[in-house]
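To start, the structure itself, in structure tokens.
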Amino acid sequence: MTSNSNHEQDNQMNKFITAIAFAVSAVFTSTGCAQEIINGELHVPERRIEGFIYDGADRAIVLETISKITTRDGNDPGSWVYEWTKVADAELGRAEQAAESDQNAQAETLFFSAANYYAIAGFPEYHSDAERDALLKHFRAYERGGAYMAAPMQVISVEARGRSFNTYFHRPAGIDHPPLILWTHGTDKFKGHAYKTVKRLLDRGFAVVTFDLAGTGESTFWDLLSDGEFVHQAVLDAYASRDDVDASNIFEVGVSFGGHYAAKMAARNDPRLRAVASLCGPIHSPFMQTTEEIAYILGTEEGATVRAFAHRIGADPSNPDQVASSIRQFSLVEQGLIGQGQTIKTPLLVMNGGRDPLSPIKDLQLLANSAETSELWVMGMAGHCARDYFEPAVTDVAEWLWQYASE
């Protein structure tokens, strides 16, 4: 009896570890974890490695670089930020050579590749001076790559709550007034991380604006806030008034924590949004963790991820009680936005893998059932954001949005 009880307790704790790691994920294609030095050895879970590679990193380079890293701290040879910045600098040099030789397609690819490596260098906390420097280089490399796209990417400044922040405006070539998608990732992937997805959506005829969540990327003058959808609202206000998009056909897609805010935007019932897709957004369950559970996770290989999330919400990561109370306010149930009947009038797509403890099926159903018009897509037994289903799912999401476009 005692053995079974202990086994069940271990299972529940393992589920919690996965859930918290996922909760601070931002990438569509990985399940959200962090590098950690334990007993003098670097631990990088396989799912994070696969995420780096999905974003464009070369597998051999990833494995070789990881083998050189002996510490997360500092900026000396052997540190995480040093070794990845070295890789990124080399890739940036190749991009600049291609640009000087007028090899524009190659320059575009290499600048975006360099941007990805710089992002890895700062991951996941982007907290030290060296990590923040790598993050800035990530954005600048992405912007240089954007200049070589078929329709050059534009950096558009938007105002909110007395602050100015940059958005990346991608337009499909040859379309004067395309429909527009507002696209956001999660808490450790930013406006320069959607390159592969953006290219797919451009091919489908959409313009795409990407931007950072409050408290992330270049928008760290705010914390990650429970009312952080004000950033999304400001982007909607700014782009709905532009004359180079079809303002009658604006949509929002959010991934991971971006999906959390996308659900909140749907709940605002703003008639300017034709439809919203909330992909693998945390809704309720992951925000109800106890102080004891959070204290436990801080001692595991996922501890860096939790610390990064705590920093972003303005909580002290050394105070698990403060972290637990701070995350509770993010629950959409606690905020009274869902679970009160069909209060969401905006057409809503809810999508995730069927085995994600961050966004369990019961939470997805609760969100979908709170909308008058909704669809719930559960992708087999996949985990957070259903990485293995992502490529075909993007095309399907685009088709789902199109059905709500006006004539």
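The values are calculated or read from the model by the stated rules, or taken from the named source; none is laboratory data. Keep in mind that what you see is a predicted model, and the values were worked out from it rather than measured. As a convention, Cβ positions derive from the backbone with ideal geometry for all residues, glycine included, and neighbour counts pool all protein chains shown.
Quick notes
- Hits in the range 344-373 - residues which are over 23 Å from the mean Cα position of the chain (by Cα) and surrounded by 15 or more Cβ atoms within 10 Å (Cβ to Cβ): ILE344, LYS345, ASN369, SER370, ALA371
- Within the range 298-355, being among the aliphatic types (A, V, I, L, M) and more than 25 Å from GLY383 (Cβ to Cβ) holds for ALA315, LEU337, ILE344.
- Of all residues in the range 342-384, those that are in a loop (DSSP other than H, G, I, E, B) and within 17 Å of MET265 (Cα to Cα) total 8.
- Index of the failed condition, PHE230 passing every other in (1) in contact with a Leu (Cβ under 9 Å, 6 or more places away or on another chain); (2) part of a helix (DSSP H, G or I): (1)
- Residue list for the range 304-321, filter: out of contact with any helix residue (DSSP H, G or I) (no Cβ under 6 Å at 6 or more places or on another chain) and without any contact (Cβ under 8 Å) to a residue 12 or more places away in the chain: SER318, ASN319
- In the range 266-288, the residue that is nearest to the chain's Cα centre (by Cα) out of those that are in a helix (DSSP H, G or I) and buried (at least 23 other Cβ atoms within 10 Å of the Cβ) is PRO286.
- Residue within the range 180-190 that is of a type in the set (Lys, Arg), modelled with pLDDT of 95 or more and closer than 24 Å to SER278 by Cβ present: no
- When ALA114, ALA90, ALA107, ALA95 are screened for being without any contact (Cβ under 8 Å) to a residue 40 or more places away in the chain, over 30 Å from ILE313 (Cα atoms) and not assigned by TED's automatic domain parsing to the domain that holds PHE309, only ALA90 passes.
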